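The values are calculated or read from the model by the stated rules, or taken from the named source; none is laboratory data. Note that the structure is predicted; figures quoted are calculated from it, not measured. Here Cβ is always computed from backbone atoms with ideal geometry, including for glycine, and neighbour counts include all displayed protein chains. Surface accessibility is based on the protein's heavy atoms, side chains included, excluding ligands, DNA and RNA. Shrake-Rupley method; radii C 1.70, N 1.55, O 1.52, S 1.80 Å.
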Amino acid sequence: MSTPRPNQATAPGTTPTAPEGLPTTLGELRASDHPAKTPRSVRDELRDNLLTTLRAGGNPWPGIVGFERTVLPQFERAILAGHDVVLLGERGQGKTRLLRSLVALLDEWTPVIAGSEIGEHPEQPIIPASIRRATLEGDALAIGWRHRSERYAEKLATPDTSVADLIGDVDPVKVAEGRSLGDPETIHYGLVPRAHRGIVTVNELPDLAERIQVALLNVMEERDIQVRGYTLRLPLDILLVASANPEDYTNRGRIITPLKDRFGAEVRTHYPLEVAGEVALIQQEAEVVAEVPDHLLEVIARFTRNLRGASAIDQRSGVSARFSVAAAETVAAAALRRAAVTGEDAPVARPVDLEAVPPVLRGKLEFESGEEGREEELLTHLLRRAIAETARKRLSGVDLGPLADAVAEGRRVVTGERVPAREVVAALPSIPVVRTVADRLGAGDTEAPGPLASAVELALEHLYLTRKLAKDSDSDEDTVTYGG
């Protein structure tokens, strides 16, 4: 089941400190036995480290769920082939996370020329200033060490992105210092050259203006850059990866054909193919503030899958995995609110908390034209269907007839936003099927009222949806009553 996650111990984006004892000059590096003293292309580095991980039986892609037999084998083949890659998929399919995970396949530390703008290897300087320094200083050339997290650059493509942002431009400050305009050292390098010997990611690639896409052609084919007609050509060593929506990527006019042709691999992503994969994704990503039992996570997963198959939802936009995550967090928040209002010590989400999802999250969906005014009705219908599917699957073979009879004959059960779990449990009939339901739904090994109330509420809601029980709602009291 999903439980609150502890806070991160380290702030994201923090760069580790280089270990002590690493060489500090080119001469020391040459005299050492450090494996990075010999230059190696970023593609070879990724290939070697991926092969090492695969041969050791490790997982190169921690945190990537549901792609094991589909996307990841294709992606791995692209990396082994040394191809630039574009991932195509609707929103919320984990494209950016997969691209960011490439960082883990880089060497943890790599030597660079100290003070260089673009992180050149000490044995392979490529900009005029570094070449001059290497020639004059020789073995005394100072070197630094760059962590792999600093060798990954990411750019969200937006209409206002310029060539200067990606490639570079003349730096007026350097010109003002006395250098002539034709001096290559007046160039301020953009994101791509600064990622030399690393990975560049462009998210939502089709949103780049055509003239900006043209600027990437040389980078991808000739592996160099040209800035405003300068004769300088930099032999860059980068892997360019990108993400895009299939509709934008394949529509004429959104991405220029020469750029599309330069990607060596095009990999299609997808939403989780199985309910279990969707649940695993929610468990991994949701930061819940109260306990959410597994059967409710399954309801949310099935609800999301129902939305992806609904004709009333615009499937070109997709139903993001973030919808599932936000739904789980909303359900947990509803449980926490009830605990605060009723004085419960350990809040546990119950099926009644699912009612908070449609009104809160319908803004995350795109509806087809003609569905105006019916949005919440549609969501409620699909949510009830998900509840029925989950209960049918999890309670298969359990005879709920005695529970329906007991409740219909007078053991009415009241639940709601202001009804604590202990009152729900106190209202349950003392019959064996209650314990059977609890065992099936993972609440049989605890005496706490929360898990038991959540489990039996699912059974009661299933009986209502199959027309074996009645259900009355009181909006004034925020209660729901199951009875005959």
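Before moving on, here are some points about what is shown:
- Sequence-distant aspartates and glutamates (8 or more away, or on other chains) whose Cα lies within less than 20 Å of Lys468: Glu389, Asp399, Asp405, Glu409, Glu457
- About the Cα centre, charge dipole magnitude for the chain (Lys/Arg +1, Asp/Glu -1 at Cβ), debye: 920
- 0 to 90° range, to nearest 10: angle between helix 294-308 axis and the chain longest Cα axis: 70
- Projected onto its three principal axes, the C-alpha set of the chain covers 95, 54, 42 Å, listed from the longest axis down.
- Sequence-distant contacts, meaning Cα pairs under 8 Å at least 6 residues apart, place the relative contact order of region 375-484 at 35 percent.
- Placing +1 on the Cβ of every Lys and Arg and -1 on the Cβ of every Asp and Glu, with no other charges, gives region 353-406 a dipole of roughly 320 debye about its Cα centre.
- Between Met220, Ile167, Leu205, the Cα set farthest toward the positive side of the dipole of the chain (charges on each charged residue's Cβ, about the Cα centre) is that of Met220.
- Label separation (Val414 vs Glu247): 4.8 nm, computed from points 7 Å beyond Cα along the C-beta direction.
- Charged neighbours of Leu465, selected by a Cβ distance under 12 Å, balance to +4 (K, R count +1; D, E count -1).
- For region 306-383, size of Cβ-based charge dipole, Lys and Arg +1, Asp and Glu -1, in debye: 240
- Unit charges at the beta carbon, dipole of region 376-457: most positive-side option, Val398, Ala421, Thr380: Val398
- Extension gain, Met220 back to Asp472 (0.36 nm per residue minus Cα-Cα distance, nm): 84.3 nm
- Mean separation of Cα contacts under 8 Å (6+ apart) over length of region 242-383, as relative contact order %: 24
- Positive dipole terminus of region 325-468, leading residue within Val325, Leu354, Ser430 (C-beta point charges): Ser430
- Axis of helix 275-285 versus longest Cα principal axis of the chain: the two differ by about 70°, to the nearest ten degrees.
- Per-residue packing, averaged as other Cβ atoms within 10 Å, sorts the ranges 40-47, 446-453, 366-373 into the order 446-453, 40-47, 366-373, beginning with the highest.
- Principal-axis tilt of helix 375-394 within the chain, Cα atoms, nearest 10 degrees: 80
- Approximate spin-label separation Lys393-Asp33, in nm, with each point projected 7 Å along Cα-to-Cβ: 5.4
- Using the Cβ-Cβ distance between Glu423 and Arg362 with R0 = 30 Å, the FRET efficiency computed as 1/(1 + (r/R0)^6) comes to roughly 0.45.
- Working from label points 7 Å from Cα in the Cα-to-Cβ sense, the Thr17 to Arg69 distance is 4.8 nm.
- Residue ranking by accessible heavy-atom surface, 1.4 Å probe, largest first, among Thr269, Thr53 comes out as Thr53, Thr269.
- Placing a label point 7 Å from the Cα of Leu465 along the Cα-to-Cβ direction, the residues of region 299-341 whose backbone N falls under 12 Å of that point are 299-304, 306.
- Relative contact order (percent, whole number), the chain, Cα cutoff 8 Å, 6+ residue spacing: 15
- Computed FRET value (nearest 0.05) for Arg77 with Glu274, which takes r as the C-beta separation and R₀ as 30 Å: 0.80
- The calculated 222 nm mean residue ellipticity attributable to helices in the chain amounts to -11500 deg cm²/dmol, summing -39500 (n - 2.57) over DSSP H runs of n ≥ 4 and dividing by all residues.
- Whole-Å semi-axes of the ellipsoid equivalent to region 1-148 (Cα gyration tensor, √5λ, descending): 34, 19, 15
- Loop-located trypsin sites (Lys or Arg not before Pro) in region 235-274, at most 15 other Cβ atoms within 10 Å (DSSP): Arg252
- Antiparallel content of DSSP bridges confined to the chain, in %, to 5: 50
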